[in-house]
Structure formats: structure tokens, C-alpha cells
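Below: the structure, in C-alpha cells.
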């Protein structure tokens, strides 16, 4: 079977659900991704890409619609006994395989050992409430910081304009006085 493979990072994303391409040489990104296609994708450890450790249960977005984490159902047998763990952006990549029939298969590759995966936070109502509040606060701080930066930039630009105008006026007066002194 002839397969093309591309590896894409679903980490800090540049907007919407556009997955930041981090293609390796000779691989082609898919271009556009559907959350529905990624949901239920198998999750594997990068250190052991043949052993499935779970599947994507959910995709978590921030206010800017950037992927911030995946919820991976791990350790279940026939859908029982598993636990949902949070894998934050930067701790996974997405591998996409295209086969000759045009079918696409996504795999989430976790940048963790089996032991580290066991220590990942468990997705729960408490985790969700705390994470949502932290994200909301971070978003508000970012907005406030951007507004403050804009105001500081405007004030700096106004001061620079005034300084430039004053220096130009002084240069003109100096040049005028120099020409008048020659008479």
C-alpha cells in the first residue's frame, strides 16, 4: 500500500481551527481539518508509535478558537474502565496518512512516556471549571495588555511627532537665522 504521511502540530495555532503545519521534508499537509475527523482518532506514544494508548474524546479551544488541549480517553477496554486525560497543546502532534483509495487516517502522537501519561490531569467537572476560569482570566489580561500597549504606542507616536515637529521648526529657524546673518 502506497501511503503519504504528513506530521502536523496542533499546538499554538494561528487562528481558528487552522492547524499549524509542521511538515517534515517530503510530506504534504492536508490543508484543512475537520474536528469530526480528529475526534476518535487513535492516540499513540511517539516513543512507541505502534501501541495505541487511547483515542481523542474531545478538542478544547480558547476564546480565539485555538486548540489548547485534547481530551484523550486512555486505558479503556471495550469502552469501560478508561479515564479521560488532558493533553495540552505542545505535547502532541497529528500524523495524517493518505492511502491509495483517498481515505485519510489521523493519529495523535503524544510526546510523553507511558509513565508521564499516567500523571496527566484527569478531565472532570472540577478541572473544566478551573481551566475555564483560568483561561477567561488570561484572555481578559491579554485584552487589557493589548489595550494598554496600544495606548502607550499612540502616546509614544504623538510625542515622537511633536518632537520631530519641534526639531524641524528649530532647524528651520537656525537655517533662516544663518542665511540672515550672511546679509
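The values are calculated or read from the model by the stated rules, or taken from the named source; none is laboratory data. From a predicted model like this one, the values you see are computed outputs, not experimental measurements. When we count neighbours, we look across all protein chains shown, and the Cβ atoms used for this are built from the backbone with ideal geometry, even at glycine.
Please indicate, with yes or no, whether at least one residue in the range 138-150 is modelled with pLDDT of 85 or more and assigned to a helix (DSSP H, G or I). Looking for residues that are modelled with pLDDT of 85 or more and assigned to a helix (DSSP H, G or I), one finds none in the range 138-150, hence no. The condition of being assigned to a loop (DSSP other than H, G, I, E, B), at negative phi, at pLDDT below 55 and crowded, with 18+ Cβ neighbours inside 10 Å holds for residue 13. Pairs meeting the criteria (first residue in the range 45-68 and in contact (Cβ under 8 Å) with a residue 60 or more places away in the chain, second residue not in a strand (DSSP E or B), beta carbons under 6 Å, at least 6 apart or on different chains) are 46/111; 62/135; 63/139; 68/62; 68/89.
Condition first: farther than 29 Å from residue 32 by Cα, assigned by TED's automatic domain parsing to the domain that holds residue 47, surrounded by fewer than 10 Cβ atoms within 10 Å (Cβ to Cβ) and free of Cβ contacts under 8 Å to residues at least 60 places away in the same chain. Can you find one or more residues in the range 103-112 that meet it?
No: zero hits.
Of everything in the range 113-130 that is in a helix (DSSP H, G or I) and in contact (Cβ under 8 Å) with a residue 40 or more places away in the chain, the residue that is nearest to residue 83 (Cα to Cα) is 117. All of 129, 125 fail the test of being exposed (fewer than 10 other Cβ atoms within 10 Å of the Cβ) and under 18 Å from residue 62 (Cα atoms), apart from 125. Tell me, please, whether a residue that is part of a helix (DSSP H, G or I) and either over 22 Å from the mean Cα position of the chain (by Cα) or at positive phi (or both) can be found in the range 90-103. No: zero hits. There is no residue in the range 160-179 that is assigned to a loop (DSSP other than H, G, I, E, B) and either modelled with pLDDT of 80 or more or exposed (fewer than 12 other Cβ atoms within 10 Å of the Cβ) (or both). Give the range 80-89 a look and list any residue that's crowded, with 18+ Cβ neighbours inside 10 Å and part of a strand (DSSP E or B), or say none. Of everything in the range 80-89, those that are crowded, with 18+ Cβ neighbours inside 10 Å and part of a strand (DSSP E or B) turn out to be 84, 85, 86, 87.
Do the conditions hold for residue 137, that is, is it surrounded by fewer than 17 Cβ atoms within 10 Å (Cβ to Cβ) and not assigned by TED's automatic domain parsing to the domain that holds residue 51? Yes, satisfied.
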